[in-house]
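Working notes, beginning with the structure itself.
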Amino acid sequence: MKPPPFTYHSPSSVEETLDVLAETGTDGKVLAGGQSLIPLMNMRLAAPAHLIDINGAGGLDVLRTSDDGVRVGATVRQARVERDAEVFRVQPLLRWATGFVAHPVVRNRGTVVGSLAHADPAGELPAVLALLDGTIEVVSRGARRTVTGRDFFAGPLESSLEPDELAVSAFFPALPDRAGASFAEVARRHGDFAVCGAAGLVELDDDLRVAAARVAYVSVGPNPVVLDLTEACGHRSPGATDWTRAADAARGRLDPGADIHASAEYRRHLAGVLTARVLGEAGARAHGAAASGDGAHSGALR
Amino acid sequence: MSEDVYEIRLTVNGVPRSARAPARRLLSDFLRHDLGLTGTHVGCEHGVCGCCTVLLDGAPVRSCLMFAVSARAHEVTTVEGLGGPDGSLGPVQRAFQECHALQCGFCTPGFLVAVTALVRDARAAGRAGPTEEEVLEGISGNLCRCTGYQNIVKAVHRAADLMAEHGAEDGGEP
Amino acid sequence: MTTRMFGEPIQRREDPRLLAGRGRYLDDLGHGALAAAFVRSPHAHARVLDIDVTDALDVDGLVAIYTYEDLPERVADPLPLLIPHPALTHGRTGYPLANGIVRHVGEPVAMVVATDPYVAEDIVDLIQVNFEPLPAVVGIENAVRAERLVHDDVPGNVGAHLVQEVGDAPLAVDTAPHRLEFRLDIERSASTPLEGRGVYARPDASDGSIRVYSSTQTSTSVRFAIAAKLGLPATKVEVIAPDVGGGFGVKIVHPWPEEILVSWAARVLGREVKWAEDRREHFVSSAHERGQVQFVRVGFDDEGRVLGLDVRFLHDHGAYTPYGIIVPIITSTQLLGPYKVGAYRAEFTSLYTNTVIVTPYRGAGRPQGVFCMERTMDRIAEHLGRDRAEVRSANFIQPHEFPYDQGLVFQDGRPLIYDSGNYPEALEKVKEMIGWDEFPGRQEKAAAQGRRLGIGLACYVEGTGVGPYEGGHVQVDSAGRVHVSTGLTSQGQGHGTVFAQIVAEELGVPIDAVEVTTGDTRRFSYAVGTFASRAAVLSGNAIALACRRLREKALRIAGEALEADPGDLEIVDGIVRVVGNPRTAIPLRTVAVLANPLRYAFDEEAVRATQFARSSGDDGPPVPEDDEPGLEGRDYYSPVRSTFASGMHAAVVEVDPDTAEVRILRYAVVHDCGRMINPTIVEGQVHGGVAQGIAGALYERMAYDESGQLLNASFMDFLMPYATEIPRITTGHLETPSPLNPLGIKGAGEAGVIPVSAVIASAIEDAEGIRIARMPISPDELFWLRRRAETGEVERTGVVKSDRAP
């Protein structure tokens, strides 16, 4: 299990990175944290002819929070996002979800943007980006575009990045006022890819009734699936909402696949269980935040 | 077909080291075979078992999921760097011995490195040591096939006690 | 006074080296050796039509490529069938490299030698093998159906068929007041040590010898195998097991193809060659275990006493049988556990499939047997509406009934006679530890909160310390150091500590003076190996006997020097002295010098020894006829039969009513391995075993698809548990000494793993009220069991049907 040979590039700027990407085209692959790519290379399931190590490119190690949201640069490690108090204040879902990404040691090296670019439907962070309507900033020589999660995730392990493009950052919008979020997943072992995972977001109206309820799913289908379950929640206060109705609605709309760890039917069942759990918790958090009159949220690490 | 070879300079256990290796050389193999530091073990080469864990600039990482060339100019700490300069065992190592936290010893270096960072971080946060939950989370990326983890968990708490007993003497950066 | 050593929980003496990163595991050796890698079959069953190496020839760093055609006679012969048995009528073994046909994914087809492992893998990828795929036989059901054959000349895919019986079990079942009939399934798992296998060979052209390091559980047998295959006298072959990163059974198989091929290639090339197995290879080219389907018929009385037990089972032994049928033999003989049943019949059929070979993995057939017996006990209890512990108790062999002859032939070919044990006491203890009697209240209270709790229990008896023998050699040098060696190998069991404890106790020397070497044929030639929980029993006793010989000699020589009767002497802290007169004394190191008539004054001790020199004028030879120079002792321990350890486990589990996830809340173990040499180490063995048992009950399996591809050949998908999956384990010990060996000890290595699947199945069944007849169980499977229970497709427990004979 040794990686195949490749030509190594370590550009010292983003511009240089883009030049190398333009030259290497489909033969090139960006190396940030490498926590998904290198295992594939060690198993010789991936054999890029060129690896472009962006860790020395400069300017990509930026983690910026504002009241609007969190911008995460391409080489920012997951562990940093997980621990950052400002990130947690602005968008707590990032900490909750990142805590489920593999193990702490892997998160010390793995990057948030790398997880997104890897576009694994079993990944937690793609689901979070999709749920929050976040965006990815993509640049190439002489061009720059902002891509929504929906457009970015093209299929299992497939993003809409062109060979000459670099994802330089991701933007996760802040948790709105009178809103709460939650993340839950069932994995065979702690730290494994989820058999099924769910990220939920509940927003309340002025009367503290459920105005919007959305859930994004992990390991259910080829892409992160986002369902709007507002109708099924019935516009009641979170405490009076029967979340199992949302769960049933979700089960009816999802079409999960099977693998050696779970049948499609079990996944569908879990998706419902997790739907009720995350919406229930997100609803309670939204209610707590609204009642306390500020955007503060309580909750432990996960 | 011949590969480009890189001069790879980095600091290992406080000592500047260098060796020549192709870009694809994994950091784990570089440490073991190019620098002769065979204490870092390789158990799966896909980042799951944790045997190859080393500190990179103080943070535990999988050395099998990193190319040596990417570690240029960084500081790496391996199990060989966890003891005292006189060859004595460090507090985490002593705790593992006291608690019988190893059997075959193959996974042990990875645990020692991960636990060193875990206890250090808890103490840096002003606490006596990690909580039971933090211990489980902190070692959750390391597989052990021999011990059933019972005595490893004990050893992590014991390591925190030993560090507290010895204070700054052992508690600093490894 | 010498500190008492036997039975003390002292810290391990191996640890400082291992903790400092100074271990010497296989791949830590041989810097600069050439690297071997293997082209392995991607097909479960195929003909090898052509191997094209053209693309590989230009690669920088290529040294050699070998296929079957390149192998000389003996190396090219089929691998040995290590343990033949009359019932194994169709034993088949593979070749070191495929000879025209492959029978499982991972079987080696070609060997590459290159300058480094990266390049070797590049070359493996460039070798084109043209296969003609053949239909594969995967799974016990397909094997027994035999619509396709694994070996053309093995009808029905049946390798072996064996019946053992005591009394007329079918009749006893048919005439019993109650009877039950059911099927049980247990899936494949594997040892999976964190260090894979590995071989490193160093030929010495100057004298035609070769030294081979192998990550093996038996260096002595690997040595004889390599000598035979390479046509060398054994004196030209040295085999050393360096530090070994876990074994658990898989490394007892020998010779592995790689052990022969790497050694052979090193001699052909005149270069050092090393192969370190990688994780993916380990899954598809090393051994698995466990897979069985069992059909049980049991008859019992109103008290739950078993009157007749009739078990038929099918065992999947994979593509070849190099290790014979030891696993199903153990299943059928250890199934009875601590119970006396009226009549017993066990019939097994051992079947070929196009999957990796099946050889012992920690427990070696016992987990399957215990699963069968303990599920049976639970069924009886449920049927009679009795307490599960009570039914077990009603069947126990009582303490006064030892030795107890089960009337069967054990794995070692000897009668299955239990030597000692105390099962009622163990049961009481484990019930107390887990809170058995209070549990129904707890369960009810939890249920009121919507929580599903269940409790389970299982018992086992484990034959340990099988023969034929092990040996020990002990030598005291003139510095007072005690050098101990034994031929079997270590994989983390702490032999360097426990054997030193035995020596310190037997010889009266400080433990720090004792140095232990295992698994090095340069130090000890004759040994069997480390398996079957036999190291402490066999080598421990052999070393104790060797110490006793040495002690006798030391006292004789010291008696002459001190002009005292040896019977009046004792050894304390390395000093031989007269009892009651400690000033009349001579250090053991001086005795060591005196033991050698050739006494050049290399060191101070030799100079000092002259003051004790025997008076001249003796007419006899300097070394008397019945004596040898040196202060050494060598002896062997060869048991008449195995000694039987035992234990009982209990667990409380919680099952998530929504997600069907299973969490173990409590796990209690009572374990009896006779006198314990080092309780800390025994406990560590139990912990590790239980964790492997939990792994086998809830997480690990070998997911083969119908074409024989192993779908989970990585640590991503083979779910070895982390610390987060293993609960706190509480242990209690009984010490019922074995009357069979001088130290009164029994083996402890495998015990922990044996009853776990049975315990967890029992607890989940208790929580769910749904019959659990198949292990391991995943949340997905439990989800489906619930669904099927709702529709009546699977039985709920507690639904008693009439079982009276018509």
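Of note:
- If R0 equals 60 Å, the separation of the Cβ atoms of C:Glu438 and C:Ala205 corresponds to a calculated FRET efficiency of about 0.25.
- Cα lying deepest toward the dipole's positive end in chain C, options C:Thr464, C:Phe248, C:Ala319, charges on Cβ: C:Thr464
- For segment C:382-444, applying the loop criterion from DSSP together with a ceiling of 14 other beta carbons within 10 Å to the GluC sites (Glu not before Pro) yields C:Glu438.
- 18 Å reach of a label modelled at C:Ala228, 7 Å along Cα-to-Cβ, counting backbone N of segment C:244-281: C:252-264
- FRET efficiency, 1/(1 + (r/R0)^6) with R0 30 Å, evaluated for C:Arg675 and C:Arg386 via beta carbons: 0.25
- Value of relative contact order over segment A:179-292, rounded to a whole percent, pairs C-alpha under 8 Å and six or more apart: 33
- Straight-distance crosslink candidates among lysines, where the alpha carbon sits under 28 Å from C:Lys429 and sequence neighbours closer than 8 are dropped: B:Lys154, C:Lys340, C:Lys445, C:Lys746
- Ordering B:Val48, B:Ala23, B:Val76 by Cα displacement along the dipole of segment B:5-81 toward the positive end leaves B:Ala23 in first place; charges were set at the Cβ atoms of Lys, Arg (+1) and Asp, Glu (-1).
- By the Cα gyration tensor, the protein assembly as shown has an equivalent ellipsoid whose semi-axes, rounded to whole angstrom, run 51, 39, 32 from largest to smallest.
- Per residue of B:86-97, other chain Cβ atoms within 10 Å of the residue Cβ number 3 on average.
- Sorting A:Met43, C:Met111 by accessible area puts them as A:Met43, C:Met111; the probe is 1.4 Å, largest comes first, and only protein heavy atoms count.
- Interface residues of segment C:716-745, defined as those with an accessible-area decrease of at least 10 Å² between the chain by itself and the complete set of protein chains (probe 1.4 Å), are C:Met716, C:Asp717, C:Leu719, C:Met720, C:Pro721, C:Tyr722, C:Ala723, C:Thr724, C:Glu725, C:Ile726, C:Arg728, C:Ile729.
- Over segment C:675-806, the hull volume per residue, using the convex hull of the C-alpha atoms, is 229 Å³.
- Based on alpha-carbon atoms, the Kirkwood radius and the radius of gyration of chain A give Rg/Rh equal to 0.99.
- Listed residues A:Gly123, A:Gly59, A:Gly180, most fluctuating in chain A (Gaussian network, C-alpha, under 10 Å): A:Gly59
- Count Lys and Arg as plus one, Asp and Glu as minus one, and take only other residues whose Cβ is under 11 Å from that of A:Thr111; the net charge is then +3.
- Nearest-20 debye value, segment A:179-292 charge dipole, Cβ charges on Lys, Arg, Asp, Glu: 280
- Per residue, the accessible area of the protein assembly as shown comes to 35 Å² when a 1.4 Å probe rolls over the protein heavy atoms.
- Carbon and sulfur %, accessible surface of segment A:63-173 computed with the full protein complex present, 1.4 Å: 46
- Mean separation of Cα contacts under 8 Å (6+ apart) over length of segment C:697-736, as relative contact order %: 33
- If R0 is 51 Å, the Cβ-Cβ spacing of A:Ala291 and C:Lys340 corresponds to a FRET efficiency of close to 0.15.
- Zero-based 5 Å bins, Cα pair distances in segment C:467-637, whole percents: 2, 9, 18, 20, 18, 14, 10, 6, 3, 1, 0
- Shape call, segment C:1-155: gyration tensor on alpha carbons, a/c limit 1.5: oblate
- Within the accessible surface of segment A:7-51, defined with a 1.4 Å probe on protein heavy atoms only, the carbon and sulfur portion equals 49 percent.
- Extension gain for A:Asp207-A:Glu265 works out to 17.1 nm (0.36 nm per residue, less the C-alpha to C-alpha distance).
- Using a 1.4 Å probe over protein heavy atoms, the accessible area lost on pairing C with A, summed over both chains, comes to approximately 2600 Å².
- Size of electric dipole in segment C:467-637: Cβ of Lys, Arg +1 and of Asp, Glu -1, about Cα centre, debye, nearest 20: 420
- Simple label model, 7 Å out from Cα along Cβ direction - C:Glu795 to C:Leu171, nm: 2.7
- The protein assembly as shown, dipole about Cα centre (Lys/Arg Cβ +1, Asp/Glu Cβ -1), debye to the nearest 20: 1180
- Compactness index (Cα Rg / 2.2 N^0.38 Å), segment A:7-51: 1.16
- Within a Gaussian network of chain A (alpha carbon springs, distance under 10 Å), most fluctuating of A:Ala22, A:Ala119, A:Ala179: A:Ala22
- In the assembled protein chains, C:Val113 presents an accessible area of approximately 0 Å² (probe radius 1.4 Å).
- When peptides C:448-456, B:24-32, C:719-727 are ranked by their average number of other Cβ atoms within 10 Å per residue, the highest-first order is B:24-32, C:719-727, C:448-456.
- Ranking B:Arg9, A:Arg251 from most to least accessible surface, computed with a 1.4 Å probe over the protein chains only, gives B:Arg9, A:Arg251.
- Mean sequence separation of contacting Cα pairs (under 8 Å, at least six apart), scaled by the length of segment A:63-173, corresponds to a relative contact order of 29 percent.
- Net charge over other residues, Cβ less than 14 angstrom from the Cβ of A:Ala130 (K, R count +1; D, E count -1): -3
- All distinct Cα pairs of segment B:5-81 go into the 1/r average, and the inverse of that average, the Kirkwood radius, is 11.9 Å.
- Element breakdown for segment B:5-81 at a 1.4 angstrom probe: carbon and sulfur atoms account for 46% of the accessible area.
- Alpha-carbon gyration tensor eigenvalues x 5, square-rooted, for chain C, Å: 46, 38, 22
- Loss of accessible area when B meets C, both sides summed, Å² nearest 100, probe 1.4 Å: 4400
- Take the convex hull of the alpha carbons in chain B; its mean projected area over all directions comes to 10.0 nm².
The values are calculated or read from the model by the stated rules, or taken from the named source; none is laboratory data. Keep in mind that what you see is a predicted model, and the values were worked out from it rather than measured. Counting neighbours? That spans all protein chains shown, and the Cβs are built from the backbone with ideal geometry, glycine included. Areas reflect the complete protein model, heavy atoms only, side chains present, ligands, DNA and RNA absent. Shrake-Rupley method; radii C 1.70, N 1.55, O 1.52, S 1.80 Å.
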